[in-house]
Amino acid sequence: MTHGHTAADNSTDSPANEEFWDSRYGESDRIWSGDPNTVLVREVADLTPGSALDLGCGEGADAIWLAGQGWRVTASDISGVALAKARRHAAAADAGVADRIDWQRHDLGISFPAGTFDLVSAQFLHSPDNMPREQILRAAAAAVAPGGVLLIVGHAGLPSWEPGPETDVSLPTPAEVLDSLELPDGEWEVLLSDEHERIQTRPDGQPGTRTDNALKIRRRAV
């Protein structure tokens, strides 16, 4: 990919998927770009650093970037292989970054990082197999502290170079994601809900287009 990564396409509730992602992350030193997701960078720019939760952290690019901005990060993934790579990448980053990241292995359909956070980020939380995505995102919302932000970024459809039947993976709109969170009335405000097109490198190395969507909401302070 040319912009960001989809490292969060990895959290499932199936042991078979843990094996799948361990194998996937074992294919090479990096399977993603190593850059933080561009929407995360843009949407976090106006936030005061505090505690952050990165769900489906993959090789750690988002968590490492957040830590570099002064956030204290809890970063979770189902793949132990991915987390080992993320730790190595954090250790090779700027001094002090690794000390601000707590790497945790979670099958998010079964266990979830404890605590509340000023920022909860779910970037491309999709899986090719069964995953209770709505359940996980509701847990993500519950983990947002008063005054904190939940940022969910996902694919809005297949890439331009993959015509054909739709994937079995759920690709809801931002409005559908918001509805699925089942948030109490009056407790949250929507800061961003949109679709956006970006350039992504195709398998043949040529540029292609992909449409993603983003939902950014803030829990009202008590």
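The values are calculated or read from the model by the stated rules, or taken from the named source; none is laboratory data. Fair warning: this is a prediction, and the values are worked out from it, not measured in the lab. Cβ: placed from backbone, ideal geometry, glycine included. Neighbour counts: every protein chain shown. These accessible areas exclude ligands, DNA and RNA; they are computed on the full protein's heavy atoms, side chains included. Shrake-Rupley method; radii C 1.70, N 1.55, O 1.52, S 1.80 Å.
Determine whether A93 is among the aliphatic types (A, V, I, L, M) and without any contact (Cβ under 8 Å) to a residue 60 or more places away in the chain.
Against the criterion (among the aliphatic types (A, V, I, L, M) and without any contact (Cβ under 8 Å) to a residue 60 or more places away in the chain), A93 qualifies.
For (1) of a type in the set (D, E, K, R); (2) touching a Pro at 6+ places or on another chain (Cβ under 6 Å), each residue gets a yes or a no:
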| site | (1), (2) |
| --- | --- |
| K85 | yes, no |
| A90 | no, no |
| D94 | yes, no |
| Q104 | no, yes |
| D118 | yes, no |
| A140 | no, no |
Over 17 Å from the mean Cα position of the chain (by Cα), assigned to a strand (DSSP E or B) and either at pLDDT 90 or above or surrounded by 14 or more Cβ atoms within 10 Å (Cβ to Cβ) (or both), is that true of E189?
yes
L83 vs (1) in contact (Cβ under 8 Å) with a residue 24 or more places away in the chain; (2) among the hydrophobic types (A, V, I, L, M, F, W, C); (3) within 25 Å of R220 (Cβ to Cβ): all pass except (3)
Whichever residue in region 59-81 is in a loop (DSSP other than H, G, I, E, B) and modelled with pLDDT of 95 or more and, among such residues, is most open to solvent (accessible area, probe 1.4 Å)
Q69
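This table checks each residue for (1) more than 19 Å from V177 (Cα to Cα); (2) open to solvent by 10 Å² or more (accessible area, probe 1.4 Å); (3) among the small types (G, A, S).
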position	(1), (2), (3)
A98	yes, yes, yes
L108	no, no, no
P113	yes, no, no
F117	yes, yes, no
A122	no, no, yes
M131	no, yes, no
Q135	no, yes, no
R138	no, yes, no
Only residues that are outside any loop (DSSP other than H, G, I, E, B), among the hydrophobic types (A, V, I, L, M, F, W, C) and either touching a Lys or Arg at 6+ places or on another chain (Cβ under 7 Å) or under 18 Å from P49 (Cβ atoms) (or both): list them for region 82-101, please.
L83, A90, A98, I101
Hey, can you tell me all the residues within region 39-58 that are outside any loop (DSSP other than H, G, I, E, B) and either over 19 Å from A214 (Cα atoms) or β-branched (V, I, T) (or both)?
V39, V41, V44, S51
Of the residues in region 161-183, those that are at pLDDT 95 or above, part of a loop (DSSP other than H, G, I, E, B) and at negative phi come to L183
Taking the stated definitions as given, is L119 in a strand (DSSP E or B), touching a residue at least 40 places away in the same chain (Cβ under 8 Å) and among the aliphatic types (A, V, I, L, M)?
yes
(1) open to solvent by 30 Å² or more (accessible area, probe 1.4 Å); (2) outside any strand (DSSP E or B) all hold for Q104 apart from (2)
